[in-house]
Amino acid sequence: MKIIQGLQNLINSITEGFARIFGPDKDQYPNIGVQPYEGEPNTKSDETK
């Protein structure tokens, strides 16, 4: 009986890991979207140094 229970525990741990890897994400990141660039573009080139 211990062999059967050990195999069952092994199979359960493998399937739980598989479900955690390939399952849907549970991350709660905010939906911020694309942020516009509000800075000044660099007009100097590297060749003018």
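All of ASN42, ASN31, ASN12 fail the test of being modelled with pLDDT under 80 and over 20 Å from the mean Cα position of the chain (by Cα), apart from ASN42.
Scan region 9-25 and report the pairs whose first residue is touching a residue at least 60 places away in the same chain (Cβ under 8 Å) and whose second residue is not in a helix (DSSP H, G or I), with Cβ atoms within less than 8 Å and a gap of 6+ or a chain change. The qualifying pairs do not exist here. Being under 17 Å from the mean Cα position of the chain (by Cα), charged (D, E, K, R) and at pLDDT below 80 is a property that holds for LYS26.
The values are calculated or read from the model by the stated rules, or taken from the named source; none is laboratory data. Just so you know, these numbers come straight off a predicted model, no measurement behind them. We place every Cβ from the backbone using ideal geometry, glycine too, and count neighbours over all the protein chains shown.
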